[in-house]
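Below: the structure, in structure tokens.
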Amino acid sequence: MDNAISKAWTELVLPLIQRPKRVQVAALCYRQGNKGKDVLLITSRGTRRWIVPKGWPIDGLDGPEAALQEAWEEAGVKTAEIDPEAAGTYEYVKGLDSGGEALVETTVYLTRVIDLDNTYPESDERDRKWVAPDEAANMVDEPGLKDILRKL
């Protein structure tokens, strides 16, 4: 009987509770300010908390290209140079439209902003703000993102 319970646990229950992480890409947008780098934060649409532009992978685009697309749609980053190597990753729990939650691993790409546009797809849904990296680290919720910002 113990063998049957053990088998049911490993083959039926564990796969349900140990779902794989979902993956997103993010653009950590920055510019060179008078006192060093400034970071561009945006508000999330639902909770209005401060975040960096991020989203799901996009078919036909690699990680940095998808991150640039998110930076345009969510923050109005019109022209930028993005580092092809990830600056790091962080995890967070994302609330889903279904009411559930998912663990998401987000790969972050440093993105030097050259030009911003005031009219972009989500301009009516989000606020954006330039701040110093340390201030940005204090504004975001995710510990891993805080670490990446502080290293900037």
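Values quoted throughout were computed directly from the atomic coordinates according to the rules given, and no laboratory measurement underlies them. Because the structure is predicted, anything quoted here is derived from the model rather than measured. Quick reminder, even Gly has a Cβ in these numbers, built from the backbone with ideal geometry, and neighbours come from all protein chains shown.
The dipole here belongs to the range 19-151: it is taken about the Cα centre, uses +1 on the Cβ of Lys and Arg and -1 on the Cβ of Asp and Glu, and is about 440 debye.
Only DSSP H runs of four or more residues enter the estimate; each adds -39500 (n - 2.57), and after division by the residues of the chain the mean residue ellipticity at 222 nm equals -7000 deg cm²/dmol. Multiplying the residue separation of Ala87 and Met139 by 0.36 nm and removing their Cα-Cα distance gives an extension gain of 16.8 nm.
Summing +1 for each Lys or Arg and -1 for each Asp or Glu among the other residues whose beta-carbon sits under 12 angstrom from that of Gly95 gives +1.
The residues Tyr109, Tyr92, when put in order of fewest to most other Cβ atoms within 10 Å, stand as Tyr92, Tyr109.
The distance separating the Cα centre of the range 125-145 from that of the range 76-90 comes to 16 Å.
If both residues of a DSSP beta bridge must be in the range 19-151, then about 70% of such bridges are antiparallel. Of the trypsin sites (Lys or Arg not before Pro) found in the range 46-152, those that fall in a DSSP loop while having at most 15 other beta-carbon atoms within 10 Å are Arg48, Arg49. Gyration tensor analysis over the Cα atoms of the chain returns equivalent ellipsoid semi-axes of 34, 16, 15 Å (largest first, whole Å).
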